[in-house]
Amino acid sequence: MAGILRNRTFYFGLVFFAVLAALGCAQSLLDKQADAQGRTVQAPMFEVDPLWPKPLPNHWILGWTIGVWVDDQDHIWVVHRGAGGLHNNERGLELNPPIGECCRTAPPVLVFDPAGNLVRSWGGPGAGYEWPQGLHGVHVDYKGNVWLGGNGKGDSHVLKFTQDGKFLLQLGRYGKNAGSNDLENFGRVAKIWVDPKTNEAYIADGYQNKRVAVVDADTGKMKRYWGAYGNKPSDADLGNYDPKAPPPQQFRNPVHCVERSNDGLVYVCDRQANRVQVFHPDGKFVREAIYARETLGSGSAWDLAFSKDSQQRFIFLADGQNSKVRIILRETLEELSNFGDGGRQPGMFYGVHSIATDSKGNLYTTETYEGKRVQKFVFKGVGNVPAGSQGVLWPKK
């Protein structure tokens, strides 16, 4: 009997100490979470402007809104795909016969002034060029020319226009893509950026191809191209994304953004690999960072823009799958904070797709899928913001 009592005492002692240890670990975890929740970092601060832009005229309505750029006059260029992203009840006025008093699809290219007034609109099929089946991305270069890509099934080309919509140049031909080593055509281009120092157009190529292509911005002649890590691009099927696997040696689809910083580095969004890769202009790999590694679906790295200080200290990364914008320290690629949440109210996102900054540091975002809108986030300076999620940036009273 004495032996049984000793064994029971020993057993209950072990249980007691195990419980104490578990409680200690739990408290430590809670303390760490509390520290993280209470910690702040120095980063840009924003508030959503719920009244920007002003209502469109002519009963116009936006569809999938898949590109934004701010030009040298601080005009905000927005491109969208209307009819393909709109339900008949949304565009009832343009049906034959009309089924209601509202609405009709807005022109594909819209330009707003800083106050949110619509100042220009154009776009669509015309003589001398092949309008993309799936318009995607917009860039206004240092000469004032407007560049458009396309990610439709047969879109193998890039278009260049004046700001009034006069056709200038087509690079590649619809339906002619021959893969990621094609010197003449492209593979469902997501975005273009033109370097004012070299007059080279960097092309995120794209939804079908797996490369960055660089062409002469006047002639369209291919100058160089590369894949992930600066490798020769391959179109081999990489299979489904596995967050536990090593990062793939090729870009996944889509290669969704490309932009060059003031110090000459080229930043590329490898969307479904959840990463941003950085290169020298010749394609030499510099470094990479992965964001929200466990993200499946459409991925976390959709588009990026730089802060407007001369050093471009911060990167703003649009994350459409997780419905937020990530604020990243450019020097280290470390994520400092993020804002946004899923939803349709101002400051929330549904498929935040593209992002741009104006000369005052304000942010502009577009939303695809059922988001179908453009939003403005007003820059409030650099200050202390919560590390991790800031939530929805509703205006302060």
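Side notes on the structure shown:
- When the charge dipole of the chain is built from unit charges on Cβ atoms (+1 for Lys and Arg, -1 for Asp and Glu) and taken about the Cα centre, the candidate among F306, V78, T219 whose Cα reaches farthest toward its positive end is F306.
- Protein heavy-atom accessible surface, 1.4 Å probe, per residue over the chain: 45 Å².
- Cβ charges +1 (Lys, Arg) and -1 (Asp, Glu), total dipole of the range 300-391, debye: 300 debye
- When the Cα positions of T295, Y207, F316 are compared along the charge dipole of the chain, T295 comes out farthest toward the positive end, with charges on each C-beta of Lys, Arg, Asp and Glu.
- Counting only residues at least eight positions apart within a chain, or on another chain, the lysines with an alpha carbon under 27 Å from that of K176 are K153, K160, K166, K191, K210, K221, K223, K232.
- Listed by chain and number, the aspartates and glutamates whose alpha-carbon sits under 13 Å from that of K197, ignoring those within fewer than 8 places in the same chain, are D141, D216, D263.
- Cα-based helix-to-principal-axis angle, 2-38 vs the chain, degrees rounded to 10: 30 degrees
- Basic side chains Lys and Arg get +1 at the Cβ, acidic Asp and Glu get -1 at the Cβ, and with that the dipole of the range 210-252 about its Cα centre reaches some 120 debye.
- Value of Rg to Rh for the chain, rounded to two decimals, is 1.08; Kirkwood radius and Rg both from alpha-carbon coordinates.
- Taking the 1.4 Å solvent-accessible surface of the chain as the whole, the part contributed by carbon and sulfur is 53%.
- Cα-centred dipole magnitude for the range 262-311, charges only on beta-carbon of K, R (+1) and D, E (-1), debye, nearest 20: 80 debye
- With the convex hull drawn around the C-alpha atoms of the range 325-373, the volume per residue stands at 88 Å³.
The values are calculated or read from the model by the stated rules, or taken from the named source; none is laboratory data. Quantities reported herein were computed from a predicted structural model and do not represent experimental measurements. Note that each Cβ is placed from the backbone with ideal geometry, even for glycine, and that neighbours are counted across all protein chains shown. What goes into the accessible areas is simple: the full protein's heavy atoms, side chains included, and nothing from ligands, DNA or RNA. Shrake-Rupley method; radii C 1.70, N 1.55, O 1.52, S 1.80 Å.
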